[in-house]
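Worksheet for the structure shown next.
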Amino acid sequence: MLDLEEAQVVAITAAKKAGDRILKGFEEDLRIDTKGDPVDRVTQVDLDCQQTIIEIIHKKFPDHVCIGEETIPNQPATPPLPTAPAKPVWLIDPLDGTSNFIKRLPLCGTSIGLEVNGEVVLGVLHFPVFGWTYTAVKGRGAYRDGKRIHVSACARLQDAMIAECYSDRIHRGKNVMFPPVLAYRKFGSAITSLAFTADGRIDGTGLLCYPWDIAAARVIIPEAGGALSWQYASATGDRDIVRCIASCEGIHAELQSFVKQAV
């Protein structure tokens, strides 16, 4: 039987170790590569963080599956997302907000989620510049640095502060519909929008991203009293883009309707 408390300690350790590498990277001259799209950039820091996280997880759980955003040179390619995983699966975004990181903007960090039988049961988000660590284990609440957090009490979309909704990669150069909200923000980092939703700094977010971007939030948002819904944006298979809506309960249906219509 998997000990989730033990697994959470491993995840926090791995995320903070990756955070140390990110902080060091802020002082380095970075080599920047792209992954097919000019917006989709990667640095050696991304790769180092992923390798570090996987090594820490596999040291404690050698039979678990690790799925990360980056393919590490000279190692097997990141495996496809299992449709019916027989073993626990760790979904890892080693450095979310790479473009922010490249520009030395602090809105970047690490996401680690543990999925068992298709359900994320443990999540960690770590933001090294701020020293924030968001955690949740299914059924035990959501926390930031050990303090309980909760989504906002916003009840109407017109009164809400909403983040993201549009993707730099997908919507670049296109006309888009401004959300019918009180205020709109774009942080350039999926996990930033999700973390800020979890602790009530904003009221919700709509994302077009990848499964590892939302893995930790799939447990953190509900445990913070919010709602998170997601689905694959198309039916093309593994490593596919997902559409995710996360918010307080009061505006979830309205935000879903807007994102479905506009994105």
### Counted residues, segment 132-169 - those being more than 16 Å from the chain's Cα centre (by Cα), at pLDDT 95 or above and charged (D, E, K, R)
7
### Summary
Within segment 26-67, the residues that are in a helix (DSSP H, G or I), within 17 Å of Glu115 (Cβ to Cβ) and among the hydrophobic types (A, V, I, L, M, F, W, C) are Ile53, Ile54, Ile57
### Summary
Picked from segment 107-132 (must be aliphatic (A, V, I, L, M) and in a loop (DSSP other than H, G, I, E, B)), the residue surrounded by the most Cβ atoms within 10 Å (Cβ to Cβ) is Leu107
## Note on the structure
For segment 230-242, pairs from a residue that is part of a loop (DSSP other than H, G, I, E, B) to a residue that is at pLDDT 50 or above and aromatic (Phe, Trp, Tyr), with Cβ under 9 Å and 6 or more apart or across chains, are Arg239/Tyr210; Asp240/Tyr210; Asp240/Tyr232; Ile241/Tyr210; Ile241/Tyr232
### Task
Could you please find all residues in segment 133-147 being of a type in the set (Gly, Ala, Ser) and assigned to a strand (DSSP E or B)?
Ala136, Ala142
### Task
Give just the number: which of (1) within 16 Å of Ile112 (Cβ to Cβ); (2) over 15 Å from the mean Cα position of the chain (by Cα) does Ile202 not satisfy?
(1)
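The values are calculated or read from the model by the stated rules, or taken from the named source; none is laboratory data. Values in this document were obtained by computation on a predicted structure and should not be read as measured data. Quick reminder, even Gly has a Cβ in these numbers, built from the backbone with ideal geometry, and neighbours come from all protein chains shown.
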